[in-house]
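Following: one structure in structure tokens, then a few remarks.
Laboratory data are not the source of any read-out in this text; all were calculated from the coordinates shown. Remember, predicted model here, so these are calculated numbers, not experimental data. All Cβ positions, glycine included, derive from the backbone under ideal geometry; neighbour counts span all protein chains shown.
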Amino acid sequence: MEITLRPYQISDIDEFMQWACNSEVLQYIYMQFWINPNSSREDVLSYFEKRVIAHPWYKAICLQGRAIGFVAIERQPGIHGLDRGRGQLSYALGREYWGRGIATIAVKMAVSSAFQEVQDLVRIQALVDVSNKASERVLQKVGFVKEGVLRNYIMVDDGVGLDVCIYSLLPTDLILK
Ligand SMILES: CC(C)(COP(=O)(O)OP(=O)(O)OC[C@H]1O[C@@H](n2cnc3c(N)ncnc32)[C@H](O)[C@@H]1OP(=O)(O)O)[C@@H](O)C(=O)NCCC(=O)NCCS
């Protein structure tokens, strides 16, 4: 199984749409403010140009060269730049590719190259919905440390807070084999 990471290109738009407009994939990645299963190609293209192609660290997960998902690391400087050493990890795969160990391989590749490439990155963290057991397992298999549960941390629907687990990996932590 050949898994590689590379930047997305405009020519990937049709493959991107295949997973990005799938409600099961969208359930935990909060792209639904911009994209949903009924989005037009034009809407997805606009999202793709602004938030994927223009993103400084957003990679296509490729299987045998075919883009089947994404892994991204987002930096948010925060107030006075105090958060600038922190990268927020997110990832997803097309539904038909789940359960084959692909996300684990891709996240291992992503975190090790991000720590080498991204200046002053001292921590990669991931927030995972408490019910998203497959994603928690991916992080555990990579070597992320669970730091706790952030209660009512995310609000997708008005008035309803969602609990999320917070996981982190430091450059000095071991990436598991
Ligand atoms: C999360 C996601 C990326 C996992 O991708 P994947 O390639 O299937 O992950 P892997 O095969 O590498 O590992 C999945 C692990 O979770 C386990 N798992 C799957 N469903 C599970 C469940 N309901 N409960 C407990 N463990 C579960 C698998 O058994 C596997 O662990 P194992 O290797 O110890 O058996 C994929 O399901 C996805 O794209 N989901 C939608 C988007 C998403 O949730 N992104 C993450 C947001 S934080």
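Kindly provide the set of residues from region 7-42 that are out of contact with any Leu (no Cβ under 8 Å at 6 or more places or on another chain) and more than 21 Å from Ala106 (Cβ to Cβ), ordered by number.
As a first pass, look at region 7-42 and keep what is out of contact with any Leu (no Cβ under 8 Å at 6 or more places or on another chain): 7-12, 14-18, 21-24, 26-31, 33-34, 38-42.
Correct list: Ile10, Ser23, Phe33, Trp34, Asn38, Ser39, Ser40, Arg41, Glu42.
Taking region 1-27 as the search range and keeping residues that are in contact with a Pro (Cβ under 8 Å, 6 or more places away or on another chain) and part of a helix (DSSP H, G or I), which one is surrounded by the most Cβ atoms within 10 Å (Cβ to Cβ)?
Applying the filter and picking the extreme gives Leu26.
Restricting the first residue to region 159-176 and requiring it to be in contact (Cβ under 8 Å) with a residue 40 or more places away in the chain and in a loop (DSSP other than H, G, I, E, B), which pairs with a second residue that is of a type in the set (D, E, K, R) and crowded, with 16+ Cβ neighbours inside 10 Å meet a Cβ separation below 6 Å and a spacing of at least six or different chains?
So the pair list comes out as Ile175/Lys108.
Pull up region 131-151, narrow it to residues that are more than 16 Å from the chain's Cα centre (by Cα) and β-branched (Val, Ile, Thr), then point me to the one that is nearest to Val111 (Cα to Cα).
Result: Val145.
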